[in-house]
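Peer 1: Got a structure here, written out as C-alpha cells. Questions coming.
The values are calculated or read from the model by the stated rules, or taken from the named source; none is laboratory data. Not measured: the values here are computed from a predicted model. Cβ sites come from the backbone with ideal geometry, for glycine too, and all protein chains shown count toward neighbours. The area values use the complete protein model at the heavy-atom level, side chains included, leaving out ligands, DNA and RNA. Shrake-Rupley method; radii C 1.70, N 1.55, O 1.52, S 1.80 Å.
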Amino acid sequence: MATFQFSEHQAVELDFCGELKFSLPMDDDTQDKLKKASKYLQDKSEGADVQSLSDLCDCVMDAIDDVLGEGVADQIAALKPDFGFWDALDVVQYISREYNAAKGKLVERFQSQRPQAVPSNRAQRRAEAKAKLAAIHKA
C-alpha cells in the first residue's frame, strides 16, 4: 500500500538580480494582494493626479510594496543605479508572470492527475472505441 505524502509548500520563488530572493506563497492572501495592486495601478494610471513618469513610478513602487512587503520596492530599486518607471513596471510584470506561470503549472499538474471516466455500459464503450478509431484514421 502506498503512503500519502503532502506536496511541498507551494510558493513562487522570486530572484531579483541574484541578490534579493523572495518566496511568494500561492494562497488567497497573495492572490488578493496581486488583484488589489493591479486595480490600484489601473486606477492611478487613469487618474488626473498622476502627472509624470516619476509619479507613476511611485505608484508602481507602492504596488510592489503591497505585494512583497513594505520597503521591498526600494531594495529592488537599489539594485539598479538609474531605476525608473519602466524598471518598476518590469518588476511588476515579472512578479505577475512568475505567479501566473506557477499557478498554471499547478492547475496542469492536478488536471493531468484527474481520473478518466470509464464507460459504464456497452453502448458507451462502443462509442468510445469508434471515436478512437476515427481519430486514428483521421491522423
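Peer 1: Could you please let me know if Ala88 is surrounded by 11 or more Cβ atoms within 10 Å (Cβ to Cβ) and more than 21 Å from Lys21 (Cα to Cα)?
Peer 2: The answer is no for Ala88.
Peer 1: Separate question: Could you tell me which of the residues Asp62, Asp66, Asp55 is open to solvent by 30 Å² or more (accessible area, probe 1.4 Å), assigned to a helix (DSSP H, G or I) and either of a type in the set (Ser, Thr, Tyr) or in contact with a Lys or Arg (Cβ under 7 Å, 6 or more places away or on another chain) (or both)?
Peer 2: Asp66
Peer 1: Sticking with this one: Given the residues Asp49, Asp28, which is the only one that is over 18 Å from Ala73 (Cα atoms), at pLDDT 90 or above, open to solvent by 50 Å² or more (accessible area, probe 1.4 Å) and of a type outside the set (Val, Ile, Thr)?
Peer 2: Asp28
Peer 1: Given (1) among the aliphatic types (A, V, I, L, M); (2) at pLDDT below 95; (3) open to solvent by 40 Å² or more (accessible area, probe 1.4 Å), identify the lone condition not met by Leu79.
Peer 2: (2)
Peer 1: Return a yes/no flag: does the stretch 122-138 have any residue that is within 22 Å of the chain's Cα centre (by Cα), modelled with pLDDT of 85 or more and not hydroxyl-bearing (Ser, Thr, Tyr).
Peer 2: no
Peer 1: From the list Lys44, Lys39, pick out the single residue that is under 19 Å from the mean Cα position of the chain (by Cα), assigned to a helix (DSSP H, G or I) and surrounded by 11 or more Cβ atoms within 10 Å (Cβ to Cβ).
Peer 2: From the options Lys44, Lys39, the qualifying one is Lys39.
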